[in-house]
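Notes for the one structure printed next.
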Amino acid sequence: MSNKQHRFWDTQPVRQFKDGLGPSLVEGPIEQPTPVDAVKQEPYNLPALYEWTTCDMDDDRTCSEVCNLLRDNYVVNEASTFRLSFSKEFLRWALCPPGYFKSWHIGVRVKATQKLVSFITGVPSRIRVRREVVRMAEVNLLCVHKKLRSKRLAPVMIKELTRRAHLENVWQAAYTGGLLLPTPIATCRYWHRSLNPKKLVDVRFYRLGPRMTMSRAVKLHRLPEAIVTLGFRKMELADVPAITKLLRGFLSQFFIAADLDEKDVEHWLLPVENVVDSYVVQNPGTNELTDFCSFYTLSSSILNNQNHSVLKAAYSLYNVSTKTPLHQLVNDALIVAKKEDHDVFNALDIMHNHAFLDKLKFGPGDWRRHYYLYNYRIPFALRSPALGLVLL
Ligand code: MYA
């Protein structure tokens with residue numbers, strides 16, 4: 001609970017801290033939709049020196065501009081030693097899923113120079129909350145150039161995206177962030193599994209404990225050379241129907257989860273080099289797919305280090321086990337990630353992930369991630385294992 005005033009968020013259809021929790025509050029939309037033709041047709045006003053632009057991610061030059069804006073201005077860790085860094089391939093994967101709207105990839109340029117100085121994106125998704133499947137915008141990559149901070153540009157970006165979502169008859173959104181705002185539906189924590197302890201110590205991602213030496217850390221985190229599970233192989237296009245079935249069954253047990261169809265699974269999970277990796281376990285006798293694991297790759301720039309400039313991280317997506325023990329499945333994912341030169345493997349403590357974190361030597365990190373819904377009230381706090389939703 002926070003008493004902080006939020007000039008913008010206090011006016012928005014989100015659960016407010018003062019609302020408290022409890023069964024007297026109705027679960028579901030906070031504001032009802034208006035007819036789409038009653039939605040404001042013109043964009044919100046920007047300060048006179050700036051103008052709106054829609055960023056076409058198929059256009060190589062625009063995509064580079066977005067990469068550069070994010071590379072120099074996006075999320076840094078508390079100690080300002082790492083900044084998330086996105087490749088063009090990653091951005092196209094993240095921003096162009098089935099049925100995406102170009103108009104939801106919104107930028108702001110300086111009129112005089114055409115320099116891109118701000119960005120926000122939404123992608124359409126279906127999210128099931130309890131038994132209700134809701135069309136939502138997944139909002140991400142809100143970024144304002146460092147020189148334009150604290151000038152209330154972020155609320156204008158958010159309002160403009162909201163307007164464009166309303167124009168597509170979408171009235172709810174899901175987003176995450178490290179900042180505490182009114183009001184998270186759940187708060188999760190990142191856990192980190194060191195794959196390259198020497199580099200992680202060199203770049204101060206991870207500190208050796210008082211009784212830990214480098215050689216002990218290397219030994220502790222050593223992984224087998226070869227995967228353990230019989231029938232473990234890379235996902236292929238032909239696996240999409242079986243994986244969709246497996247995933248839908250798995251996700252049905254969480255209070256809130258992505259509602260994925262075959263097109264979504266093909267887009268989000270079919271392997272793309274250095275973007276997303278997915279593995280299945282195929283029962284050698286029957287060809288049946290019994291287990292599935294996946295992760296995406298996102299690097300960070302290492303700021304102010306003479307020896308290293310890039311930290312390559314894997315982020316756990318979905319892990320479904322019906323036959324292989326979950327920790328063995330994820331251990332195989334660690335082996336694959338290590339072979340692909342990832343330095344660290346990250347996982348949130350959502351879904352069933354808590355069942356393998358300790359066992360596989362993940363350590364809790366400092367990064368908290370709050371999950372939010374826009375215009376949808378859940379009148380109680382969820383624990384992180386109730387979340388079946390990975391937002392990038
Ligand atoms: S999370 C990643 C956020 N990006 C970064 O951290 C990158 C580095 N930082 C920046 O670029 C800037 O600091 C940003 C703020 C752009 C974050 N989510 O313009 P301001 C509120 C929501 O003076 P600046 C992600 O991408 C803040 O509380 N609100 O601030 C998910 C204050 O409001 P209030 C935020 O520092 C994004 C106001 O903005 C965030 O120059 C989800 C201050 O504005 C934040 N991360 O710029 C967005 N940070 O006074 C919401 C600050 O009320 C989507 N603020 O406290 C909502 C759904 C929309 C679609 C709806 C469809 C129906």
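The values are calculated or read from the model by the stated rules, or taken from the named source; none is laboratory data. Keep in mind the model is a prediction, meaning the values are calculated, not measured. We place every Cβ from the backbone using ideal geometry, glycine too, and count neighbours over all the protein chains shown. Note: accessible area is taken over every heavy atom of the protein model, side chains too, but ligands, DNA and RNA are not part of it. Shrake-Rupley method; radii C 1.70, N 1.55, O 1.52, S 1.80 Å.
Less than 12 Å Cβ to Cβ from Ser87, Lys/Arg counted +1 and Asp/Glu -1: what total charge do the surrounding residues give?
+2
Leaving out ligands and nucleic acids, and using a 1.4 Å probe, what accessible area per residue does segment 295-392 come to in Å²?
38 Å²
Compute the helix-to-body angle for 326-339: its Cα long axis versus the longest principal axis of the chain, expressed 0 to 90° and rounded to tens.
90 degrees
Estimate the FRET efficiency between Lys339 and Gln253 by the formula 1/(1 + (r/R0)^6), using the beta-carbon distance for r and 22 Å for R0, to the nearest 0.05.
Efficiency for this residue pair is about 0.10.
Restrict the search to segment 59-161; then list the GluC sites (Glu not before Pro) that DSSP places in a loop and that have at most 16 other Cβ atoms within 10 Å of their Cβ.
Glu78
Compute the separation of the alpha-carbon centres of segment 56-79 and segment 262-288 and state it in Å as a whole number.
Segment 56-79 and segment 262-288 have Cα centres spaced 28 Å from each other.
May I ask you to derive the relative contact order of the chain, considering only C-alpha pairs under 8 Å and at least 6 residues apart, and to give it as an integer percent?
Relative contact order comes out at 23 percent.
Which cross-chain or sequence-distant (5 or more) residues have an amide H under 5 Å from the amide H of Arg377, H modelled 1.01 Å from N in plane?
Gly28, Ile30
List every residue whose amide H lies under 5 Å from the amide H of Phe86, counting only residues 5 or more places away in sequence or on a different chain, with H placed 1.01 Å from N in the peptide plane.
For Phe86, whose amide H was placed from the backbone, the distant partners under 5 Å are Arg71.
What number, rounded to the nearest 500 deg cm²/dmol, is the helix-based mean residue ellipticity at 222 nm of the chain, given -39500 (n - 2.57) per DSSP H run of at least four residues and division by all its residues?
Result for the chain, helices only: -6500 deg cm²/dmol.
Counting Lys +1, Arg +1, Asp -1, Glu -1, what net charge surrounds Leu223 among other residues with beta carbon under 12 Å of its beta carbon?
Taking every other residue near Leu223 into account, the sum is +4.
Need the full-extension length gain, Tyr44 to Asn305, defined as separation in residues times 0.36 nm minus the C-alpha distance. One decimal, nm.
Result for the pair: 89.8 nm of gain on full extension.
If I model the chain as equal point scatterers sitting on the Cα atoms and use the Debye formula, what is log10 I(q)/I(0) at q = 0.10, 0.11, 0.13 Å⁻¹?
With one equal scatterer per Cα and no solvent, log10 I(q)/I(0) is -0.70, -0.85, -1.20.
Suppose the chain between Leu148 and Asp37 were pulled fully straight at 0.36 nm per residue; how much longer would it get relative to their current alpha carbon spacing?
Full extension from Leu148 to Asp37 adds 36.6 nm.
On average, how much accessible surface per residue is there in segment 162-245, in Å², for a 1.4 Å probe, leaving out ligands, DNA and RNA?
It amounts to 54 Å² per residue over segment 162-245.
Computed FRET efficiency, Cβ-Cβ of Leu230 and Lys361, R0 22 Å: what is it to the nearest 0.05?
0.40
Carbon-plus-sulfur fraction of the accessible area of the chain, 1.4 Å probe, in percent?
Of the solvent-accessible surface of the chain, carbon and sulfur hold 51 percent.
Could you work out the local net charge near Gly122, counting Lys and Arg as +1, Asp and Glu as -1, over the other residues with Cβ closer than 13 Å to its Cβ?
Around Gly122, the charge tally is +2.
Among Trp52, Asn3, Val66, whose Cα projects farthest towards the positive end of the dipole of segment 1-96, with charges put on the beta-carbon of Lys, Arg (+1) and Asp, Glu (-1)?
Asn3
Round to the nearest 0.05 the FRET efficiency obtained for Thr322 and Ser2 when R0 = 41 Å and r is the Cβ-Cβ distance.
Efficiency, from the Cβ-Cβ distance: 0.45.
Using only the alpha-carbon atoms, how far is helix 240-251 inclined from the longest principal axis of the chain? Give it as 0 to 90 degrees, nearest 10.
Long axis of 240-251 versus the principal axis of the chain: about 80 degrees.
Give me the number: length gained by fully extending Ala238 to Ala112, i.e. 0.36 nm times residue separation minus the C-alpha to C-alpha distance, one decimal in nm.
40.3 nm
Please report the relative contact order for segment 58-215, taking Cα pairs under 8 Å with a sequence separation of at least 6, and give it as a percent rounded to a whole number.
15 percent
Hey, how many Å between the Cα centroid of segment 156-180 and the Cα centroid of segment 322-392?
For segment 156-180 versus segment 322-392, the Cα centre distance is 25 Å.
Relative contact order of segment 227-382, please, whole-number percent, based on alpha carbon pairs below 8 angstrom and at least 6 residues apart.
For segment 227-382, the relative contact order is 19 percent.
Run through segment 285-392 and list the chymotrypsin sites (Phe, Trp or Tyr not before Pro) located in a DSSP loop whose Cβ has at most 15 other Cβ atoms within 10 Å.
Qualifying residues, ordered by number: Phe380.
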